[in-house]
Structures are given as structure tokens and as C-alpha cells.
Amino acid sequence: MLSTLSRKAITLLACAAIPSAAHAQGLQVSPVSLEIPERSGVLRLGNGSDGQLRAQVRVYRWIQTDGEDRMVETDELVASPPFVQVAPDAEQVIRLVRFGEAALAMNECERSYRVVVDELPGDPGKLQTGLQYVLRYSVPVYLLNPACENAQPDLHWEIVIDGDGAWLNVVNSGQTRAQLAAASFISSGGDFVTIANGLLGYVLPQSERRFELPRTAETFANGGQIEVTLNGTQQRANVALAFADR
């Protein structure tokens, strides 16, 4: 199925989850991340403005190919309703329902999706003047296999030197996602180099993700370790060193 869908792949522009469901005005979405172990799950859209709010909800399969995030069209998970209108200070429930293989049987422990919620411009009941700003949320959603209670990510870290630049390649051969945050490189001499203060990104199960490093290749040339918060737990790991083919 992925080979067919991959031909329709589009770049995932906003990989990070929205940090908070709250917003002073306009569209509000909660939760900011959702696991669905059963047939369906629920998102809630709120309207923090003083006018009618309209929104579109779309679901994409979230995969990683060539070290990058991609979203592809899918009918495995369906949002109902896909278009909503929410009154001021009101809330609309969006149900996410499994279909096909995703509903009947999953061979893998976890399958990843992104639910993209777009606020649509304009209140149909008001005359619009001036600039209009709308919000977009990209919410990670994971279908879970109940048979995989103790599944964990299994990461291999490698820094690739490419000319004057360097990349961090992270391979996840485990069965669940790895959320990476607060990442630093520790050189063989004990120097700390910050890679990301907050969220670095995700490495999906059985996938590889590549991150551009913020310093020149010389900083990493003698190898070292990675210190990172992995799924909320801080840890250190050895990092291999490789050189890109010339």
C-alpha cells in the first residue's frame, strides 16, 4: 500500500506538535497528540473567538523516507465530520475512525498519522475587511496494536561528515516512535554542543530520520556521545562517525 501512496507523497511542513491546545482567539484543538488503541478516537475543536469559526479536517499517513518526514493520502483513518462550523465559545467533536486493514488487523505495533486541522477564512455571517489570519494544527495520531504492550524504540546514532557540514542520522529499528528533545553532542574531550533546546523531532518505528547539525564538521570529527531526552527520559548514547561518499 505504501508503494502506491508514496507516489502521492507531500512534504510534511510542520512536524512538531502544537505545544498547547489553548489559543487566545480562534481555533483550539485538543489533545495535542492522540493514541488510538481501539476502533476510534476523538479530537475536540474549540472556538475562542466572538464569531462563527469554520474548519477543515484532513488525515494523512505519516511516514519517513530518505531521512525526511512525509505525509501521504490515506483512507485507513477517517475524520468525521471533515468540515465543521463552531459557534463562539462552543466545541465540536471530531471522531477518528479506523477503516480497512487499520481497523481489522495490524501486523506492526504502531502506525503513525497526522491530522491537519485548518481554520477556514471568514465568518460567513460577517462582512470581512482587512487581513485575515487563520491557524493550522498538525496533530500526531498513533494507531496502537494491543498485542504490543512492552514495545520500545531501538535507536542507532550516527554523525555523517559531508564536506564542511554534518548530519545526525537516527535509525529506529524498534516497534514504537521515538520523540527526541533537548539534544546535545558531547565530544571526546567533554565539550557540550547544543543540537536542540526543545523538540528535535520524531523517529518513527522501522524508520530513519536525518537532522542537520548546527556546527561545522570539525566540531564532530573526533566522535563522542549524544545526550537526549527520549520519550521524556534523559539518556546518553554512543554515536558512530561516518563520512559521506565523495
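The values are calculated or read from the model by the stated rules, or taken from the named source; none is laboratory data. None of these values were measured; they are calculated from a predicted model. Here the Cβ positions follow ideal geometry from the backbone for every residue, glycine too, while neighbour counts run over all protein chains shown. When the accessible area is computed, the model is the full protein with side chains, heavy atoms only, and any ligands, DNA or RNA have been set aside. Shrake-Rupley method; radii C 1.70, N 1.55, O 1.52, S 1.80 Å.
See the values below:
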read-out: In order through the range 168-177: 3J(HN,Hα) via Karplus (6.51 cos²θ - 1.76 cosθ + 1.60), integer Hz, x for Gly, Pro; value: 9, 9, 10, 9, 10, 8, x, 10, 9, 5
read-out: Surface share of carbon and sulfur [accessible, 1.4 angstrom probe, percent] for the range 98-246; value: 46
read-out: Theoretical gain in end-to-end length, residue 243 to residue 145 [0.36 nm per residue, Cα-Cα removed]; value: 31.5 nm
read-out: Full-extension gain in nm, residue 199 to residue 80, via 0.36 nm per residue minus C-alpha separation; value: 39.8 nm
read-out: Derived scalar couplings ³J(HN,Hα) [the range 34-47; Karplus, 6.51 cos²θ - 1.76 cosθ + 1.60; whole Hz; x for Gly, Pro]; value: 9, 10, 10, x, 10, 6, 8, x, 9, 10, 10, 10, x, 10
read-out: Å² per residue, accessible surface of the range 65-109 at 1.4 Å; value: 54
read-out: 3J(HN,Hα) from dihedral phi, the range 204-218, Karplus parametrisation 6.51/-1.76/1.60, rounded to Hz, x for glycine, proline; value: 6, x, 6, 9, 10, 10, 10, 10, 6, 8, x, 10, 6, 4, 4
read-out: Extension reserve of the residue 103-residue 89 stretch, reckoned as 0.36 nm per residue once the Cα distance is removed; value: 1.6 nm
read-out: Within-14-Å neighbourhood charge of residue 227 [Cβ basis; K, R +1; D, E -1]; value: 0
read-out: Other-chain or far-sequence residues with amide H under 5 Å of residue 36's (modelled H); value: 142, 143, 144
